[in-house]
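S.K.: I have a structure here, written as structure tokens, and I will follow up with some questions on it.
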Amino acid sequence: MAKKTLDKVFSELGEHLATGAKHHAALGKAHRAAHAESGDGFHKVAAEAHEGMAECLKSASTSCQECDATKTLDDLLAKTVVPDNISSVIPSNAPDAAFGIFAVPRNGQPELATGLDKATLDRIPHAFRHLVSASDEV
């Protein structure tokens, strides 16, 4: 992602968080006023919660708008472990035609078949032969 795009994303996120902070601050004031009129404990608790959220969002908004997005992303990627030797995961002698993916037989597993012989194929009901075919012989 280009630097300009990242900076724009962080800037828009900061604006979004600032809008949320204003919204929560207004709700906090409304609950304070309602608490002053009624003395209801709910409005006191709600006012404190909205004011706390407003402070949190305001802080996050400031951080986003002051952030150098490219430096932040580069720092994050520097801390991330990135594999640099993929051949240690896929054997180097893997056949190219299979994109390096091949079946590894387990102990006691029958040999991998390349096709079904006629005797085996005859024992399988015709409706289910397509489920077990390994080639276009059915």
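The values are calculated or read from the model by the stated rules, or taken from the named source; none is laboratory data. What you see is a predicted model; the values in this text were computed from it and never measured. Ideal geometry is used to build each Cβ from the backbone, glycine not excepted, and the neighbour counts take in all protein chains shown.
S.K.: Just need a number here: residues in region 17-32 that are more than 20 Å from His43 (Cβ to Cβ) and exposed (fewer than 14 other Cβ atoms within 10 Å of the Cβ).
M.R.: Adding up the residues that qualify gives 1.
S.K.: Those residues that are among the hydroxyl-bearing types (Ser, Thr, Tyr) and exposed (fewer than 13 other Cβ atoms within 10 Å of the Cβ), I need them from region 1-16; list them, please. Walk me through how you get there before you give the answer.
M.R.: Of all residues in region 1-16, those among the hydroxyl-bearing types (Ser, Thr, Tyr) come to 5, 11.
Correct list: Thr5 only.
S.K.: Further question on the same structure: Could you grab me the full set of residues in region 2-38 that are at pLDDT below 90 and among the polar types (S, T, N, Q)?
M.R.: Hits for region 2-38 are Thr5, Ser11, Ser38.
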